[in-house]
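The values are calculated or read from the model by the stated rules, or taken from the named source; none is laboratory data. What you see is a predicted model, and the numbers here were worked out from it, not measured in a lab. Don't worry about glycine lacking a Cβ; one is built from the backbone with ideal geometry, like all the others, and counts go over all protein chains shown.
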Amino acid sequence: MSTSGTADIVILGIPLNYIIAAFLTASPITSYADQMFYVWRRKSSDGFALDTCALLIAVSTLRIFFWFGRDLELPIFLQSCSMLGVQLVYLKLALMYMPAAWRRARSMEDVFIPFKRPFHFWQWKSDWKFYLCIVIFAGSLAILQLLLRSFDTWFSLIERTAVGLEAVLPLPQLLLNYSRHSLSGFRFTLLFAWVSGDFVKTLFYYIDGQAYYYQIGGTCQTLLDVGIFAQYVYYWRKKRLEAKRLAALDLAVEELSLNDASISSDETSALLSNEAPIPRASIEQQHPHQGQAAAKLSAEKRASVDTPATSDSDQASVSSAGRSKAAEVMV
(Lines give C-alpha, C1' and ligand atoms only; values in the text may rest on other atoms or scores of the structure.)
Protein backbone atom coordinates (compact mmCIF):
# COMPACT_ATOMS: atom_id res chain seq x y z
CA MET A 1 0.00 0.00 0.00
CA SER A 2 1.20 3.46 -0.82
CA THR A 3 2.92 5.38 1.92
CA SER A 4 2.51 8.75 0.27
CA GLY A 5 -0.35 11.15 0.81
CA THR A 6 -2.99 9.22 2.71
CA ALA A 7 -0.50 7.23 4.82
CA ASP A 8 0.51 10.43 6.61
CA ILE A 9 -3.11 11.27 7.59
CA VAL A 10 -4.46 9.54 10.71
CA ILE A 11 -8.10 9.46 11.84
CA LEU A 12 -8.86 7.99 15.27
CA GLY A 13 -5.46 6.32 15.23
CA ILE A 14 -6.10 4.64 11.85
CA PRO A 15 -4.19 5.74 8.72
CA LEU A 16 -6.53 7.27 6.16
CA ASN A 17 -5.34 4.93 3.41
CA TYR A 18 -6.56 1.93 5.44
CA ILE A 19 -9.95 3.57 5.94
CA ILE A 20 -10.25 4.29 2.24
CA ALA A 21 -9.14 0.73 1.40
CA ALA A 22 -11.83 -0.75 3.65
CA PHE A 23 -14.48 1.59 2.23
CA LEU A 24 -13.62 0.89 -1.40
CA THR A 25 -13.44 -2.89 -0.84
CA ALA A 26 -16.85 -3.05 0.82
CA SER A 27 -18.55 -0.47 -1.41
CA PRO A 28 -19.45 -2.87 -4.28
CA ILE A 29 -21.17 -5.25 -1.84
CA THR A 30 -23.01 -2.57 0.09
CA SER A 31 -23.92 -0.70 -3.10
CA TYR A 32 -25.45 -3.55 -5.07
CA ALA A 33 -26.97 -5.63 -2.26
CA ASP A 34 -30.20 -3.64 -2.23
CA GLN A 35 -30.39 -3.52 -6.04
CA MET A 36 -29.96 -7.29 -6.30
CA PHE A 37 -32.56 -7.91 -3.59
CA TYR A 38 -34.92 -5.54 -5.43
CA VAL A 39 -34.48 -7.48 -8.68
CA TRP A 40 -35.04 -10.78 -6.90
CA ARG A 41 -38.17 -9.50 -5.16
CA ARG A 42 -39.70 -8.03 -8.34
CA LYS A 43 -38.57 -10.94 -10.51
CA SER A 44 -37.55 -8.35 -13.10
CA SER A 45 -34.28 -6.59 -13.91
CA ASP A 46 -35.75 -3.78 -16.01
CA GLY A 47 -34.58 -0.27 -15.27
CA PHE A 48 -30.88 -1.05 -14.73
CA ALA A 49 -28.57 -0.64 -17.73
CA LEU A 50 -26.90 -3.99 -18.25
CA ASP A 51 -24.23 -2.24 -20.32
CA THR A 52 -22.99 -0.74 -17.04
CA CYS A 53 -22.49 -4.27 -15.77
CA ALA A 54 -20.37 -5.07 -18.83
CA LEU A 55 -18.22 -1.97 -18.29
CA LEU A 56 -17.67 -2.79 -14.62
CA ILE A 57 -16.61 -6.34 -15.44
CA ALA A 58 -14.19 -5.06 -18.10
CA VAL A 59 -12.68 -2.37 -15.85
CA SER A 60 -12.25 -4.75 -12.91
CA THR A 61 -10.63 -7.41 -15.09
CA LEU A 62 -8.22 -4.93 -16.66
CA ARG A 63 -7.11 -3.64 -13.28
CA ILE A 64 -6.55 -7.12 -11.88
CA PHE A 65 -4.32 -7.97 -14.83
CA PHE A 66 -2.49 -4.67 -14.41
CA TRP A 67 -1.85 -5.46 -10.74
CA PHE A 68 -0.11 -8.74 -11.69
CA GLY A 69 2.40 -6.86 -13.82
CA ARG A 70 2.84 -3.43 -12.27
CA ASP A 71 2.36 -1.67 -8.96
CA LEU A 72 -1.26 -0.71 -8.32
CA GLU A 73 -2.70 0.94 -5.24
CA LEU A 74 -4.02 -1.82 -2.99
CA PRO A 75 -7.40 -0.11 -2.32
CA ILE A 76 -8.06 0.00 -6.07
CA PHE A 77 -7.02 -3.63 -6.53
CA LEU A 78 -9.21 -4.83 -3.65
CA GLN A 79 -12.17 -2.86 -4.99
CA SER A 80 -11.62 -4.38 -8.44
CA CYS A 81 -11.72 -7.92 -7.06
CA SER A 82 -14.82 -7.18 -5.01
CA MET A 83 -16.56 -5.45 -7.91
CA LEU A 84 -15.81 -8.29 -10.33
CA GLY A 85 -17.39 -10.87 -8.02
CA VAL A 86 -20.46 -8.69 -7.36
CA GLN A 87 -21.02 -7.96 -11.05
CA LEU A 88 -20.82 -11.63 -12.02
CA VAL A 89 -23.49 -12.42 -9.43
CA TYR A 90 -25.64 -9.50 -10.55
CA LEU A 91 -25.30 -10.50 -14.20
CA LYS A 92 -26.57 -13.97 -13.36
CA LEU A 93 -29.52 -12.50 -11.46
CA ALA A 94 -30.33 -9.93 -14.15
CA LEU A 95 -30.34 -12.55 -16.91
CA MET A 96 -32.46 -14.87 -14.80
CA TYR A 97 -35.13 -12.18 -14.40
CA MET A 98 -34.81 -10.55 -17.80
CA PRO A 99 -38.09 -8.79 -18.83
CA ALA A 100 -40.41 -11.14 -20.69
CA ALA A 101 -40.97 -8.56 -23.44
CA TRP A 102 -37.28 -8.71 -24.32
CA ARG A 103 -37.33 -12.50 -24.35
CA ARG A 104 -40.24 -12.50 -26.82
CA ALA A 105 -38.99 -9.74 -29.11
CA ARG A 106 -36.13 -7.34 -29.63
CA SER A 107 -37.48 -4.82 -27.16
CA MET A 108 -34.38 -3.87 -25.20
CA GLU A 109 -35.21 -0.34 -24.06
CA ASP A 110 -35.63 -1.39 -20.41
CA VAL A 111 -32.23 -2.99 -19.94
CA PHE A 112 -29.97 -1.79 -22.75
CA ILE A 113 -29.07 1.48 -24.38
CA PRO A 114 -31.61 1.63 -27.23
CA PHE A 115 -29.37 1.52 -30.29
CA LYS A 116 -28.27 -1.30 -32.55
CA ARG A 117 -24.73 -2.65 -32.42
CA PRO A 118 -22.73 -5.17 -34.45
CA PHE A 119 -23.74 -8.79 -33.87
CA HIS A 120 -26.15 -7.58 -31.15
CA PHE A 121 -23.18 -7.34 -28.80
CA TRP A 122 -24.26 -7.63 -25.15
CA GLN A 123 -27.87 -7.81 -26.34
CA TRP A 124 -28.06 -11.54 -26.77
CA LYS A 125 -31.05 -13.61 -25.75
CA SER A 126 -28.95 -16.64 -24.81
CA ASP A 127 -27.33 -16.35 -21.37
CA TRP A 128 -24.31 -18.49 -22.26
CA LYS A 129 -23.16 -15.90 -24.82
CA PHE A 130 -22.62 -13.35 -22.04
CA TYR A 131 -20.45 -15.74 -20.04
CA LEU A 132 -18.57 -16.86 -23.15
CA CYS A 133 -17.81 -13.22 -23.95
CA ILE A 134 -16.34 -12.71 -20.47
CA VAL A 135 -14.21 -15.85 -20.75
CA ILE A 136 -12.91 -14.83 -24.20
CA PHE A 137 -12.09 -11.34 -22.92
CA ALA A 138 -10.20 -12.61 -19.86
CA GLY A 139 -8.44 -15.33 -21.87
CA SER A 140 -7.33 -12.86 -24.53
CA LEU A 141 -5.92 -10.55 -21.87
CA ALA A 142 -4.05 -13.46 -20.27
CA ILE A 143 -2.47 -14.48 -23.58
CA LEU A 144 -1.50 -10.91 -24.47
CA GLN A 145 -0.02 -10.34 -21.04
CA LEU A 146 2.12 -13.45 -21.33
CA LEU A 147 3.44 -12.22 -24.66
CA LEU A 148 3.81 -8.53 -23.81
CA ARG A 149 4.56 -8.54 -20.09
CA SER A 150 8.03 -7.15 -20.67
CA PHE A 151 6.72 -4.05 -22.46
CA ASP A 152 5.71 -1.03 -20.42
CA THR A 153 3.49 0.13 -23.26
CA TRP A 154 1.20 -2.87 -22.71
CA PHE A 155 0.59 -2.07 -19.07
CA SER A 156 0.20 1.62 -19.83
CA LEU A 157 -2.47 0.69 -22.39
CA ILE A 158 -4.30 -1.51 -19.85
CA GLU A 159 -4.19 1.17 -17.19
CA ARG A 160 -5.46 3.99 -19.37
CA THR A 161 -8.13 1.85 -20.99
CA ALA A 162 -9.46 0.92 -17.56
CA VAL A 163 -9.49 4.56 -16.46
CA GLY A 164 -11.24 5.63 -19.68
CA LEU A 165 -13.96 2.98 -19.36
CA GLU A 166 -14.44 3.79 -15.69
CA ALA A 167 -14.89 7.47 -16.49
CA VAL A 168 -18.04 6.70 -18.54
CA LEU A 169 -19.49 3.98 -16.30
CA PRO A 170 -22.66 5.94 -15.41
CA LEU A 171 -23.27 7.00 -19.03
CA PRO A 172 -25.34 3.92 -20.10
CA GLN A 173 -27.65 4.41 -17.12
CA LEU A 174 -27.94 8.12 -17.87
CA LEU A 175 -28.95 7.41 -21.49
CA LEU A 176 -31.37 4.66 -20.46
CA ASN A 177 -33.10 6.94 -17.95
CA TYR A 178 -33.43 9.63 -20.60
CA SER A 179 -34.92 7.24 -23.17
CA ARG A 180 -37.42 5.83 -20.63
CA HIS A 181 -38.17 9.18 -18.94
CA SER A 182 -38.02 7.33 -15.65
CA LEU A 183 -35.70 5.79 -13.07
CA SER A 184 -38.09 2.98 -12.15
CA GLY A 185 -36.15 -0.19 -11.42
CA PHE A 186 -33.02 1.73 -10.46
CA ARG A 187 -32.70 1.95 -6.68
CA PHE A 188 -31.97 5.25 -4.99
CA THR A 189 -29.65 3.42 -2.59
CA LEU A 190 -27.48 2.39 -5.55
CA LEU A 191 -27.49 5.95 -6.88
CA PHE A 192 -26.43 7.26 -3.47
CA ALA A 193 -23.66 4.65 -3.34
CA TRP A 194 -22.47 5.67 -6.80
CA VAL A 195 -22.31 9.36 -5.91
CA SER A 196 -20.65 8.87 -2.52
CA GLY A 197 -18.32 6.06 -3.63
CA ASP A 198 -17.08 7.84 -6.73
CA PHE A 199 -16.63 11.06 -4.79
CA VAL A 200 -14.49 9.30 -2.15
CA LYS A 201 -12.52 7.50 -4.85
CA THR A 202 -11.87 10.73 -6.74
CA LEU A 203 -10.88 12.43 -3.50
CA PHE A 204 -8.42 9.58 -2.91
CA TYR A 205 -6.93 10.16 -6.37
CA TYR A 206 -6.28 13.83 -5.58
CA ILE A 207 -5.05 13.34 -2.01
CA ASP A 208 -2.77 10.42 -2.87
CA GLY A 209 -1.31 12.27 -5.86
CA GLN A 210 -2.42 9.79 -8.53
CA ALA A 211 -1.72 10.46 -12.20
CA TYR A 212 -3.69 13.22 -13.89
CA TYR A 213 -5.77 10.78 -15.98
CA TYR A 214 -7.01 9.11 -12.78
CA GLN A 215 -8.08 12.49 -11.45
CA ILE A 216 -9.78 13.50 -14.71
CA GLY A 217 -11.51 10.13 -15.04
CA GLY A 218 -12.77 10.20 -11.46
CA THR A 219 -14.05 13.75 -11.90
CA CYS A 220 -15.95 12.82 -15.09
CA GLN A 221 -17.47 9.78 -13.40
CA THR A 222 -18.61 11.83 -10.41
CA LEU A 223 -20.17 14.47 -12.67
CA LEU A 224 -22.13 11.79 -14.54
CA ASP A 225 -23.33 10.46 -11.19
CA VAL A 226 -24.55 13.95 -10.32
CA GLY A 227 -26.33 14.03 -13.69
CA ILE A 228 -28.23 10.83 -12.82
CA PHE A 229 -29.11 12.35 -9.45
CA ALA A 230 -30.51 15.40 -11.25
CA GLN A 231 -32.59 13.04 -13.42
CA TYR A 232 -33.90 11.36 -10.29
CA VAL A 233 -35.04 14.68 -8.80
CA TYR A 234 -36.60 15.84 -12.09
CA TYR A 235 -38.54 12.65 -12.85
CA TRP A 236 -39.60 12.27 -9.21
CA ARG A 237 -41.02 15.79 -9.17
CA LYS A 238 -42.65 15.25 -12.56
CA LYS A 239 -44.28 12.04 -11.34
CA ARG A 240 -45.67 13.77 -8.24
CA LEU A 241 -47.15 16.62 -10.30
CA GLU A 242 -48.69 14.14 -12.72
CA ALA A 243 -50.21 12.17 -9.84
CA LYS A 244 -51.75 15.36 -8.39
CA ARG A 245 -53.17 16.33 -11.78
CA LEU A 246 -54.75 12.92 -12.29
CA ALA A 247 -56.21 12.97 -8.78
CA ALA A 248 -57.80 16.37 -9.42
CA LEU A 249 -59.16 15.15 -12.77
CA ASP A 250 -60.67 12.03 -11.18
CA LEU A 251 -62.34 14.16 -8.50
CA ALA A 252 -63.82 16.49 -11.11
CA VAL A 253 -65.17 13.57 -13.14
CA GLU A 254 -66.71 12.02 -10.02
CA GLU A 255 -68.44 15.28 -9.04
CA LEU A 256 -69.79 15.72 -12.57
CA SER A 257 -71.13 12.17 -12.59
CA LEU A 258 -72.91 12.75 -9.25
CA ASN A 259 -74.46 16.00 -10.53
CA ASP A 260 -75.68 14.35 -13.74
CA ALA A 261 -77.18 11.46 -11.78
CA SER A 262 -78.97 13.88 -9.42
CA ILE A 263 -80.45 15.90 -12.29
CA SER A 264 -81.67 12.78 -14.12
CA SER A 265 -83.24 11.39 -10.95
CA ASP A 266 -85.13 14.62 -10.15
CA GLU A 267 -86.49 15.00 -13.67
CA THR A 268 -87.63 11.41 -13.88
CA SER A 269 -89.42 11.65 -10.53
CA ALA A 270 -91.24 14.80 -11.63
CA LEU A 271 -92.45 13.15 -14.82
CA LEU A 272 -93.65 9.94 -13.20
CA SER A 273 -95.49 11.57 -10.25
CA ASN A 274 -97.01 14.54 -12.20
CA GLU A 275 -95.36 16.93 -9.75
CA ALA A 276 -94.38 20.49 -10.62
CA PRO A 277 -91.39 20.50 -12.96
CA ILE A 278 -87.97 21.44 -11.72
CA PRO A 279 -87.33 25.20 -12.11
CA ARG A 280 -85.83 25.78 -15.49
CA ALA A 281 -83.28 28.31 -14.26
CA SER A 282 -81.90 25.84 -11.74
CA ILE A 283 -81.58 23.07 -14.33
CA GLU A 284 -79.99 25.29 -16.96
CA GLN A 285 -77.52 26.58 -14.41
CA GLN A 286 -76.28 23.07 -13.63
CA HIS A 287 -76.74 21.45 -17.03
CA PRO A 288 -78.10 23.69 -19.88
CA HIS A 289 -78.96 20.86 -22.32
CA GLN A 290 -80.81 18.75 -19.78
CA GLY A 291 -82.64 21.85 -18.44
CA GLN A 292 -83.98 22.77 -21.89
CA ALA A 293 -85.05 19.21 -22.57
CA ALA A 294 -86.90 18.97 -19.25
CA ALA A 295 -88.77 22.28 -19.80
CA LYS A 296 -89.83 21.23 -23.28
CA LEU A 297 -91.06 17.87 -22.01
CA SER A 298 -93.13 19.54 -19.22
CA ALA A 299 -94.84 21.88 -21.71
CA GLU A 300 -95.75 18.98 -23.98
CA LYS A 301 -97.06 16.99 -21.04
CA ARG A 302 -99.35 19.86 -19.89
CA ALA A 303 -100.66 20.27 -23.46
CA SER A 304 -101.50 16.58 -23.66
CA VAL A 305 -103.46 16.78 -20.38
CA ASP A 306 -105.50 19.91 -21.38
CA THR A 307 -106.43 18.53 -24.85
CA PRO A 308 -108.29 15.19 -24.62
CA ALA A 309 -107.32 12.53 -27.11
CA THR A 310 -109.94 11.70 -29.79
CA SER A 311 -108.95 8.13 -30.32
CA ASP A 312 -106.93 5.24 -28.94
CA SER A 313 -104.28 5.78 -31.58
CA ASP A 314 -103.83 9.42 -30.51
CA GLN A 315 -103.47 8.36 -26.90
CA ALA A 316 -100.86 5.81 -27.88
CA SER A 317 -98.97 8.45 -29.84
CA VAL A 318 -98.96 10.84 -26.89
CA SER A 319 -97.87 8.07 -24.51
CA SER A 320 -95.12 6.96 -26.86
CA ALA A 321 -93.87 10.54 -27.29
CA GLY A 322 -93.79 11.03 -23.55
CA ARG A 323 -91.76 7.89 -22.96
CA SER A 324 -89.28 8.79 -25.69
CA LYS A 325 -88.81 12.27 -24.26
CA ALA A 326 -88.28 10.86 -20.78
CA ALA A 327 -85.69 8.49 -22.17
CA GLU A 328 -83.91 11.41 -23.83
CA VAL A 329 -83.79 13.29 -20.51
CA MET A 330 -82.49 10.26 -18.65
CA VAL A 331 -79.80 9.82 -21.24
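Scan the stretch 235-251 and tell me whether some residue there is surrounded by 15 or more Cβ atoms within 10 Å (Cβ to Cβ), assigned by TED's automatic domain parsing to the domain that holds Asp71 and in a helix (DSSP H, G or I). Yes, that holds for at least one residue. Across the stretch 81-100, the qualifying residues are those that are of a type in the set (Gly, Ala, Ser) and in contact with a Pro (Cβ under 9 Å, 6 or more places away or on another chain), and the one among them that is surrounded by the most Cβ atoms within 10 Å (Cβ to Cβ) is Ser82.
In the stretch 119-167, the residue that is modelled with the lowest pLDDT out of those that are within 26 Å of Met96 (Cα to Cα) and in a loop (DSSP other than H, G, I, E, B) is Lys125. Restricting the first member to the stretch 210-225 and to residues that are touching a residue at least 24 places away in the same chain (Cβ under 8 Å), and the second to residues that are among the charged types (D, E, K, R), the beta-carbon pairs closer than 7 Å and six or more apart or on different chains are Tyr213/Arg160; Gly217/Glu166; Gly218/Asp198; Gly218/Lys201; Gln221/Glu166; Gln221/Asp198; Thr222/Asp198; Asp225/Asp198.
In the condition set (1) assigned to a helix (DSSP H, G or I); (2) buried (at least 17 other Cβ atoms within 10 Å of the Cβ); (3) of a type in the set (Phe, Trp, Tyr); (4) modelled with pLDDT of 90 or more, Phe186 is compliant with all but (1).
When the stretch 145-183 is filtered for residues that are crowded, with 16+ Cβ neighbours inside 10 Å and of a type in the set (Asp, Glu), the ones remaining, listed by number, are Glu159, Glu166.
Of the residues examined, Asp208 is one that is in the same structural domain as Thr30 (by TED's automatic domain parsing) and more than 30 Å from Ser44 (Cβ to Cβ). Looking across Glu159, Glu166, Glu242, one residue alone is more than 26 Å from the chain's Cα centre (by Cα) and of a type in the set (D, E, K, R). It is Glu159.
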